[in-house]
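Just below is one structure, and these are the notes that go with it.
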Protein chains: 6
Amino acid sequence: MTEILRPDGRRSDELRPLRFQHHIAPHATGSTLIEWGKTRVICAVTVEESVPKWMQSKKIPGGWITAEYSMLPYSTLERKTRDINKLKQDGRSVEIQRLIGRTLRTVLDLEALGSRTLWVDCDVLQADGGTRTASITGAYVALALAMKKLGAEGKILSSPVKPVAAVSVGVVGQRPMLDLNYEEDAGASVDMNLVMNGEGEFIELQASGEESTFSAVHLEELLRLGRHGIGELLQRQQEALT
Amino acid sequence: MTEILRPDGRRSDELRPLRFQHHIAPHATGSTLIEWGKTRVICAVTVEESVPKWMQSKKIPGGWITAEYSMLPYSTLERKTRDINKLKQDGRSVEIQRLIGRTLRTVLDLEALGSRTLWVDCDVLQADGGTRTASITGAYVALALAMKKLGAEGKILSSPVKPVAAVSVGVVGQRPMLDLNYEEDAGASVDMNLVMNGEGEFIELQASGEESTFSAVHLEELLRLGRHGIGELLQRQQEALT
Amino acid sequence: MTEILRPDGRRSDELRPLRFQHHIAPHATGSTLIEWGKTRVICAVTVEESVPKWMQSKKIPGGWITAEYSMLPYSTLERKTRDINKLKQDGRSVEIQRLIGRTLRTVLDLEALGSRTLWVDCDVLQADGGTRTASITGAYVALALAMKKLGAEGKILSSPVKPVAAVSVGVVGQRPMLDLNYEEDAGASVDMNLVMNGEGEFIELQASGEESTFSAVHLEELLRLGRHGIGELLQRQQEALT
Amino acid sequence: MTEILRPDGRRSDELRPLRFQHHIAPHATGSTLIEWGKTRVICAVTVEESVPKWMQSKKIPGGWITAEYSMLPYSTLERKTRDINKLKQDGRSVEIQRLIGRTLRTVLDLEALGSRTLWVDCDVLQADGGTRTASITGAYVALALAMKKLGAEGKILSSPVKPVAAVSVGVVGQRPMLDLNYEEDAGASVDMNLVMNGEGEFIELQASGEESTFSAVHLEELLRLGRHGIGELLQRQQEALT
Amino acid sequence: MTEILRPDGRRSDELRPLRFQHHIAPHATGSTLIEWGKTRVICAVTVEESVPKWMQSKKIPGGWITAEYSMLPYSTLERKTRDINKLKQDGRSVEIQRLIGRTLRTVLDLEALGSRTLWVDCDVLQADGGTRTASITGAYVALALAMKKLGAEGKILSSPVKPVAAVSVGVVGQRPMLDLNYEEDAGASVDMNLVMNGEGEFIELQASGEESTFSAVHLEELLRLGRHGIGELLQRQQEALT
Amino acid sequence: MTEILRPDGRRSDELRPLRFQHHIAPHATGSTLIEWGKTRVICAVTVEESVPKWMQSKKIPGGWITAEYSMLPYSTLERKTRDINKLKQDGRSVEIQRLIGRTLRTVLDLEALGSRTLWVDCDVLQADGGTRTASITGAYVALALAMKKLGAEGKILSSPVKPVAAVSVGVVGQRPMLDLNYEEDAGASVDMNLVMNGEGEFIELQASGEESTFSAVHLEELLRLGRHGIGELLQRQQEALT
């Protein structure tokens, strides 16, 4: 039986095209522009040769990593006012950058990093669904590029970062689908974001049904689709890094 | 075989004692103080007889519900500076109040509510783990009390709110456990928050392993424990409301 | 001659019922919920084992005490927006917390306190007039409880705090009255807040006639009523502490 | 018996020299620079031909008056950082401008003012004690000048403002004194600010003993001194206005 | 006589290589990434089909244009903290975006634009000197692309924008030079930014000698170099637009 | 041929009357009220006996100077809201205070100043055009007064400040004019601000044609007029200082 294709011609378990444009911001230690379908995010990693004050005062060994996420004003269909003009960071951005930070702290060996802070900036150039998963997937690549540079400069012996990727899955019109674009996301009854490492383990799993609820059966199907997508993403990241 | 009990004498699948003290804030339309183990949260619902401007300008029928979460400065072991003194809402609070708001919008029939805004405030009086799940579980009770009052005043015909409860589960020392207190939460390798409705369907599921990762097997066990806890919570809410 | 009673059945010189619910916030060093008529304020004292930077840099011996006052959003008849959403502390709150702080610095022996900071938080749960006087009256009780605990822990030898209480008096319809509730306060032509210590001395006296003025005769009567109320309050505080 | 004079040669009941320099800010409707000893405050009244939104929406007839108080950075012995650089209005300024506003609302007939807003700005050019009482005393003069101008323009029939003046009194080294300068104020055990109208009635009375307490006897003496000072100030204001 | 070349091999009157990458942000109405030497700025124009409130209330015909400038955190050699984390827009950014806005209002026929607002965003991806002149030069290109699109949609009849370009000139080691990069800029004794239109007229001229001063002779030479550069830039813009 | 005079009776190359009122703010180290036509600016210099943290940490020798510019609310024809009430410094003020700071750093020998910070505050009391040039011209006088005082106190050997003055020039109705007042400024097609030192060298030159453009010929004429005005201003400053 032939599967009914999605509006953009994809199968249910098919990712949108993925492309990385490295060194988009050359002053950063590592950077890449991840283009995932029509979603584009600048991911840049900057190294600071010191650790936050709270680590200094508690004499915690090793380093730290922190993430910031922001949507550029022209990234959305309707222009988005800059946070500084509201004197308040957008609530959704706060939530997303906390997710990115938690994720990266799971795959980074903070002790092996040494007494440094890594700043990971994810700035959305164009939003067409999945900006948080694109940020995580791209941030890993930028992080790996930055670690390669630190290694070449003799500052670290081996990369303290292990692979991680993220993907969205959802139920649209009763049908589970991988990697929703904006249109699909807006019509989805369930939206799940999955973050996994290179060994098939979960790091974060966030499923939400704002207008609806979901069953254990849905959950199972979404996890299966998500795992499949993560596998492919991890492979694409490796290709982009070699 | 006898199960090894937890530090506070509970079994793995046992909730901490739960108690509701209604009308803690009598100026609110509905309010309750939920005491869940040593965690205490004031949940209060205030009704405003108008809708937000964005709904007015787009002429969207029905009402709206929004949530605010905050920790009182003396709720934590070390005093927590008030947000206003930093001119910035705490990032974790932003994340939690967004979760509460999304959850309540799933179980509330906004059209049946009529042209009103419900403000749900959750202020933590004492934090000992699980403040976000206590907020959701208590908010439902406060919401039901508020709807009862609106009904008695002839403003609504029947309650537009359906039951919802939330519970945390986690893996502590390789062992899955229900309803973590602060000490257990701090030592957990996986932390999951589960929000479910009265029909056994999922509303939100957030699992995170900041220092670690988790497998599909863990996920399965945690979901089983969580479902069990939700069932009991839904029952306790009904008792508290009758 | 029989006195005409007030709407709630009180005589002109009669306080509303007073009740203290200790340890409302167990993570604080000392706390109480003062319920004064329908006014309810959470008073909590937290001890920090260091002093502010300006004292450190000037090498001032002893400790410090500071107060913060806030109205919870559901404490008023119409919901009050949280300060953080306006990025500005409410002007009335600023005025009140300065009054509480000044008062407590008068009755606390800062040198005997030792090199510590006491944070006094007053959060209004329900406002029905007299929240500033309830805050001061309750703050003393919370402070005494906190000092008792410090004493039990061997951190201080004897309590460095002396009794203090506060009460409002006012002229309503030409008639001087003790302890105004919200309705009386709204209709008062003169409003006075009196803060006195256990030896019958004045600490603060603030009298204001926003819509009207007052004579020296009024002042005399109000002071007499106020002194009477303070005497009773000091007694009720001692009972609550033993 | 000869009285021991104060450091600047004044008797206990003597005011510092007072001088008004009108029209210091010609774009304001009325303005004066009050020089009271070494204290200098710019008082300016601006008329806006509309009322605040909350009056418009509640259809309250008449006008409104509001006050703002600020210390210029070079007005103090040590330079004072501008509020905007801290993103927070100074707490003491908030308290003072609320006092000025309440006072002026007592002596202004808001209905007779017509549908206008009066902005009263008090900017301290030099602070040497008594800036809040100088602000009130000067604000009345600026207000009277502004009303004179509105009258000349045919916008009001007669001045809706009645005289008001304010003075500080205090106990320094057990001795009650009128009109404290900065040095005396810093050493005072009691500090009282008195606001009275032209008919000898009280408008505001604020007495505080931060490091100390005060008795009813002190209160009586301070009131007597204050009343005496107010009488003289009211006269000086009239002279300045004719 | 052979001219001594600059560190990057350029002559005194030679521009750095210039490249435009159009449609970098496809959700914007017009956008381009201007790469000028190592300086890279995203210039994006968004159209809003309404005008600011102050224009509406004053019933001013035509449209409006406003500019925002910001440096992405990884655009500088040392990471730049985001404005929102300081709750304050960077002073230099304020100055630059005011310059961009003034400039564009000179070359845009606001009446011909119709009742619309154009938002021009300039986000620096990499800073190597001349970001404000790159912003203006790129903004014109983005603006022309946006107008082309409005024209194709039949919203405007002909483009209401005329050409404008900007370039920096400076004196480095007594020698006037065109188009300074970061290293040259840091060592310059005079720094001038020149904004000119397509008819060889000046729009803005800002010359500054922070560590030094400059003579009328210097000014003359700098203007000559600048005019030459502007001519070339105007040509490059036209090539990029066809 | 007789020149047609300007509305206030001045010739094209004539300055408005200039007057200095020294020691307007006696707590400052040096201060003056510059009255330039109807424009009035308080210029005050405060000395702080330490340098900013960034200089301390980089061990940069010498001192620092920084400027702040603000318009008092009653300085404009329509009352200007205070920055603190918008939680945002006015953009124009940011631009102007950066200009004042850069200018003063050019004429101050920071090393000779010693390890001090000079705060230069310019507060506009009345605005009638040319407030930025009045600020610079007055700031130099206040600075010279402050240095005289430091010299008298034996803190510096000779004044580390050299003369600087600023003036505006513009084209109004095709006619170049010196020192525009508000009315002329509002109608000008070109507006130039010129900052020069005592040796006839340029420090800053900012020319802008918001509604129009200007030619090299205009530029030449404006520079000639400006130079003439600066010469006169430098003389007036010297007179005011002796």
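The values are calculated or read from the model by the stated rules, or taken from the named source; none is laboratory data. Since we're looking at a predicted model, the values are computed, not measured. Neighbour counts run over all protein chains shown; Cβ positions are idealised from the backbone, glycine included. Side chains included, ligands, DNA and RNA excluded: accessible areas come from the protein's heavy atoms. Shrake-Rupley method; radii C 1.70, N 1.55, O 1.52, S 1.80 Å.
When +1 charges are put on Lys and Arg Cβ atoms and -1 charges on Asp and Glu Cβ atoms, the dipole computed for region F:172-238 relative to its Cα centre reaches about 220 debye.
Under 5 Å from the amide H of C:ASP179 lie the amide H atoms of C:SER168, C:VAL169, C:GLY170, each residue being 5 or more positions distant or on a separate chain, with H modelled from the backbone and absent for Pro and chain starts.
Close amide H pairs (under 5 Å, H built 1.01 Å from N) link F:GLU68 with F:VAL120, F:ASP121, F:CYS122, residues at least 5 positions away or on another chain. What separates the B:SER57 label point from its copies, with the point 7 Å along Cα to Cβ, is 1.6, 1.6, 4.2, 4.3, 4.5 nm, written shortest first.
Residues of region C:56-78 that lose at least 20 Å² of accessible area (1.4 Å probe, protein heavy atoms only) when the other protein chains are present, relative to their chain alone, are C:GLU68, C:LEU72, C:TYR74, C:LEU77. Surface composition of region C:1-131: carbon plus sulfur atoms contribute 52% of the solvent-accessible area (1.4 Å probe, protein chains only, all chains present).
Using the Karplus relation 6.51 cos²θ - 1.76 cosθ + 1.60 with θ = phi - 60°, the per-residue 3J(HN,Hα) values for region F:224-240 come to 4, 4, x, 4, 4, x, 4, x, 5, 5, 4, 5, 4, 4, 4, 4, 5 Hz, with x marking Gly and Pro. Temperature 25 °C, viscosity 0.890 mPa s: under these conditions the Stokes-Einstein estimate for chain E, based on its Kirkwood radius over C-alpha pairs, is 132 µm² per second. Rounded to whole numbers, the Karplus 3J(HN,Hα) couplings from phi for region E:113-125 are 5, x, 6, 9, 10, 9, 9, 10, 10, 10, 10, 7, 8 Hz, using 6.51 cos²θ - 1.76 cosθ + 1.60 with θ = phi - 60°, and x at Gly and Pro. Contact order for chain F, expressed relative to its length and based on alpha carbon pairs under 8 Å spaced 6+ residues apart, stands at 20 percent.
Spatial offset of region F:112-151 relative to region E:115-176 amounts to 37 Å, using the alpha carbon center of each. By DSSP, the beta bridges lying fully in the protein assembly as shown are antiparallel in about 85 percent of cases. Distances between copies of A:ALA186, taken at a point 7 Å out from Cα along the Cα→Cβ vector and listed shortest first: 4.6, 4.6, 4.7, 4.7, 6.6 nm. The 3J(HN,Hα) values that the Karplus relation (6.51, -1.76, 1.60; θ = phi - 60°) gives for region E:133-143 are, in residue order, 6, 5, 4, 5, 4, x, 4, 4, 4, 4, 5 Hz. Gly and Pro appear as x. Accessible surface for region E:1-130, divided over its residues, is 42 Å² per residue with a 1.4 Å probe. Each chain gives up part of its surface: D and F jointly bury about 2900 Å² of accessible area, both sides summed, for a 1.4 Å probe. Accessible area per residue for region F:164-242 is 38 Å², calculated with a 1.4 Å probe on protein heavy atoms, without ligands, DNA or RNA.
In chain E, the beta carbon lying closest to the axis that superposes E onto B belongs to the residue given here with its whole-angstrom distance, E:LEU87, 3. Normalised by the number of residues in region F:19-161, the average gap of Cα pairs under 8 Å and 6 or more apart makes the relative contact order 36 percent.
Remark: mean inter-chain Cβ contacts per residue of E:21-28 equal 5, using a 10 Å Cβ-Cβ cutoff to other protein chain atoms. Need the C-alpha centroid separation for region C:60-102 versus region C:40-58, integer Å. Cα centroid to Cα centroid, the span is 15 Å. The same position E:THR81 in the other copies lies at 1.2, 1.2, 2.4, 2.6, 2.7 nm from this copy, comparing label points 7 Å beyond Cα toward the beta-carbon, shortest first. Annotation: amide H of A:THR39 within the under-5 Å range of A:ASP128, sequence separation 5 or more or interchain, hydrogens built in the peptide plane. Give the shape of the protein assembly as shown as rounded, prolate or oblate, defined through the alpha-carbon gyration tensor: a ≥ b ≥ c are the square roots of its eigenvalues, a/c under 1.5 means rounded, and otherwise the shape is prolate if a/b is larger than b/c and oblate if not. Oblate shape, in that a/c is at least 1.5 and b/c is the bigger or equal ratio.
Dividing the mean sequence gap of close Cα pairs (under 8 Å, 6+ apart) by how many residues region D:133-242 holds gives a relative contact order of 26 percent.
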